[in-house]
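First comes the structure, then the notes that go with it.
The values are calculated or read from the model by the stated rules, or taken from the named source; none is laboratory data. Quantities reported herein were computed from a predicted structural model and do not represent experimental measurements. Quick reminder, even Gly has a Cβ in these numbers, built from the backbone with ideal geometry, and neighbours come from all protein chains shown. For accessibility, only protein heavy atoms count, side chains too; no ligands or nucleic acids. Shrake-Rupley method; radii C 1.70, N 1.55, O 1.52, S 1.80 Å.
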Amino acid sequence: MNFTQIQAGDYSNIAGQWQLSSRQAKGRKMTIDNAKPLAITNNQLTSDSITLSKAGLKDNVGLHPVNFKTVNGSLAVLLADSVATNWSVTFYPIGTSTEYVLEAGSTTNSKNVIVIWTSNMSLTDVYVQS
């Protein structure tokens with residue numbers, strides 16, 4: 001994952017289909033049957049609820065400006081404005097650590113991971129690169 005490209009709205013280095021690995025709401029695991037994959041093109045990332053692009057993060061309320069924060073090898077995209085429903089998108093490259101470790105006994109990711117969180121029911125979707 002190239003964080004400089006991602007911050008510029010260029011998602012070409014991670015483009016493709018990403019599969020939903022897990023979903024939680026209010027700290028409880030939820031079923032992911034018939035879940036839509038995360039679609040990433042060269043210039044946008046689209047889930048069933050948001051679209052992230054160079055312009056910002058768009059949800060059902062409108063387009064929001066974003067800020068970026070790098071922490072422990074991950075890149076977090078955070079809303080820059082105050083809204084009723086908050087969002088974050090966090091990019092975890094292979095070899096970084098998350099609370100969403102994909103393989104038992106491992107302390108780091110063996111695949112690229114993207115986590116989308118919303119304050120609406122603390123819904124957390126974890127996607128892995130196919």
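Could you list, in sequence order, the residues of the stretch 6-20 that are assigned to a loop (DSSP other than H, G, I, E, B) and within 19 Å of Asp59 (Cβ to Cβ)?
Answer for the stretch 6-20, where residues must be assigned to a loop (DSSP other than H, G, I, E, B) and within 19 Å of Asp59 (Cβ to Cβ): Gly9, Tyr11.
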The correct count of residues that are open to solvent by less than 20 Å² (accessible area, probe 1.4 Å) and either under 21 Å from Asn109 (Cβ atoms) or touching a helix residue (DSSP H, G or I) at 6+ places or on another chain (Cβ under 8 Å) (or both) in the stretch 1-19 is 4
